[in-house]
Ligand SMILES: [Zn+2]
Ligand SMILES: [Zn+2]
């Protein structure tokens, strides 16, 4: 636990937490469930052992939905602003952290995209399109 903790927070600030490296995994997930749950092309998920995770605020208000047909797919969110927040992954000792809610650079980088076969029909890799620093 030598690493500096990285904090995360929801849009409204009611839910806050921190994590410490090293992480168990950092992946983009293109599965159809992650597309629904993120409202985007893919999730960006950091997995961190529970022992390296701490709630700083709002834990009691967090709402969780466990997908009944899944072994461990779940979504947790802030009921006030709807932002996805971390949840404990069933049957493992890891927390799933939606990387977009981190306040700073977690240091690690995603090292694979999974469920590539399920990716959205409209998905185009950023490297294959123009990029603009702000609105295009
Ligand atoms: Zn919130
Ligand atoms: Zn997924």
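Every number in this text was worked out from the coordinates using simple rules, so none of it is lab data. Given the structure is predicted, the values throughout are model-derived calculations rather than measurements. As a convention, Cβ positions derive from the backbone with ideal geometry for all residues, glycine included, and neighbour counts pool all protein chains shown.
Can you put 46, 101, 89 in order of Cβ neighbours within 10 angstrom, beginning with the fewest?
89, 101, 46
Which residue fluctuates the most in the chain, going by a Gaussian network model with Cα springs under 10 Å, if the choices are 70, 90, 41?
70
Please state the relative contact order of the range 1-129 as a whole percent: Cα pairs under 8 Å, 6+ residues apart?
Taking the mean separation of contacting Cα pairs over the length of the range 1-129, I get 31 percent.
Tell me the mean residue ellipticity at 222 nm calculated for the chain from its helices only (DSSP H runs of n ≥ 4, each -39500 (n - 2.57), averaged over every residue, nearest 500).
The helix contribution divided over the chain gives -1500 deg cm²/dmol.
Quick one: of the DSSP bridges fully inside the range 6-120, what percent are antiparallel, nearest 5?
90 percent
Tell me, rounded to the nearest percent, the portion of alpha carbon pairs in the chain spaced more than 24 Å apart.
Roughly 31 percent, once rounded to a whole number.
Just rank 114, 97, 19, fewest to most, by other beta-carbon atoms within 10 angstrom.
Arranged by neighbour count, lowest to highest, 114, 97, 19 become 114, 19, 97.
Compute the separation of the alpha-carbon centres of the range 67-128 and the range 1-60 and state it in Å as a whole number.
8 Å
Quick one: order 31, 78, 12 by neighbouring beta-carbon count within 10 Å, fewest to most.
12, 31, 78
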